[in-house]
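Comments concern the structure below.
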Amino acid sequence: MKQFVWIYLLIFSLFFNSCITNKDVVYLQDKGTTVDASAQVQSLGTPYRVQVNDILSVNIKSTDTELKKLVEIFQPTEQSNGLISTEGLYFNGFTVDLHGNIEFPILDKINVLGFTTDEIEEKVKQSLLDNYLKDVSKIFVTVKLAGLRYTVTGEVGSTGVITIFQDRVNIIEALANAGDIKETGDRKDVIVIRQYPDGQKIHHINLTDRAALKSPYYYIKPNDMILVKPLKRKALGAGQTASQTITTVASVFSILLSTYLLIQRN
């Protein structure tokens, strides 16, 4: 009987350490970390600055009938029912080139690298004023990112590249659009690879802790890559639930017992 003590210990250890608990899957738990609301508000107020390979949607309108024909020259994007498709934005939007410029019809190139969409609107207005118009008070320029595009891979419901037509999306919403993290995914160490002017950087965020709300990576940015690692217990082949774990433990015990009996017979 003593020979089985180590087997029992192994089995019970596997059972108690292999089940996935609520602490592993519940988002934004209260772990005693103080969340600074003012810091979060400041983070929300930080505008995004355009980077290389971003695609911009530029819309110019006028209330003056005499200017409408002129304005139509600056509208390269085809629309259907007032909406622009993702494909239409890709082929007809304004892609920021490696030098940080967009090539605008007739106005030629405008440098937008590092500018906010509001600042780019003013640059377009100024270019129109300098080249064609004496007064831009009747011209309305709207500049937006052509969707918030990001990539999700790893232990999620559906991996791939996703585009959301919103100005601001948090990482939980982004993951929900990818089918959410699987039970076998590690919510405590989600990796965010973010694009910067000097290259890409890797960041980590714990989505089970409410402190994630004040993380600079809680709100995603265009071209972010979100990687969800598998839990270690998945790599070990343990079950996700108690019933699955019991099945695994029973199988392990059966193999060990059979091996022991064969050794004893010999």
Which one is nearest to residue 54 (Cα to Cα), of the residues in region 164-217 that are in a helix (DSSP H, G or I) and of a type in the set (Lys, Arg)?
-> 214
The number of residues in region 45-63 that are farther than 16 Å from residue 163 by Cα, in a strand (DSSP E or B) and not small (Gly, Ala, Ser) is 4
Residues in region 99-115 that are surrounded by 15 or more Cβ atoms within 10 Å (Cβ to Cβ) and more than 19 Å from residue 74 (Cβ to Cβ) total 2
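Does residue 153 satisfy being touching a Pro at 6+ places or on another chain (Cβ under 7 Å), among the β-branched types (Val, Ile, Thr) and in contact (Cβ under 8 Å) with a residue 24 or more places away in the chain?
Details: touching a Pro at 6+ places or on another chain (Cβ under 7 Å): no; among the β-branched types (Val, Ile, Thr): yes; in contact (Cβ under 8 Å) with a residue 24 or more places away in the chain: yes.
Criteria not met by residue 153.
So which residues in region 218-227 are touching a Phe, Trp or Tyr at 6+ places or on another chain (Cβ under 8 Å) and within 20 Å of residue 49 (Cβ to Cβ)? Don't jump to the end; show me each part of the working.
Taking region 218-227 as the starting set, the residues that turn out to be touching a Phe, Trp or Tyr at 6+ places or on another chain (Cβ under 8 Å) are 220-226.
Listed by number, the residues that qualify are 220, 221, 222, 223, 224, 225.
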Inside region 20-37, can you point out the residues that are at pLDDT below 80 and part of a loop (DSSP other than H, G, I, E, B)?
-> 20, 21, 31, 32, 33, 34, 35, 36
List the pairs whose first member sits in region 92-107 and is touching a residue at least 12 places away in the same chain (Cβ under 8 Å) and part of a loop (DSSP other than H, G, I, E, B), whose second member is of a type in the set (Ser, Thr, Tyr) and surrounded by 16 or more Cβ atoms within 10 Å (Cβ to Cβ), and whose Cβ atoms are under 6 Å apart, counting only residues at least 6 apart or on separate chains?
-> 93/57; 107/127
So is residue 221 part of a loop (DSSP other than H, G, I, E, B) and modelled with pLDDT of 90 or more or not?
-> yes
Which condition number does residue 176 fail, the rest of (1) surrounded by 15 or more Cβ atoms within 10 Å (Cβ to Cβ); (2) of a type in the set (A, V, I, L, M, F, W, C); (3) closer than 30 Å to residue 231 by Cβ being met?
-> (1)
Sort through 124, 58, 71, 136 and tell me the only one that's more than 30 Å from residue 186 (Cα to Cα), at pLDDT 90 or above and of a type outside the set (S, T, N, Q).
-> 124
Any chance residue 121 is outside any strand (DSSP E or B) and not hydroxyl-bearing (Ser, Thr, Tyr) | yes
Examine region 142-152 for a residue that is small (Gly, Ala, Ser) and crowded, with 18+ Cβ neighbours inside 10 Å, and state whether such a residue exists.
-> yes
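The values are calculated or read from the model by the stated rules, or taken from the named source; none is laboratory data. Note that the coordinates shown come from a computational prediction; the quantities given were computed from them, not determined experimentally. Don't worry about glycine lacking a Cβ; one is built from the backbone with ideal geometry, like all the others, and counts go over all protein chains shown.
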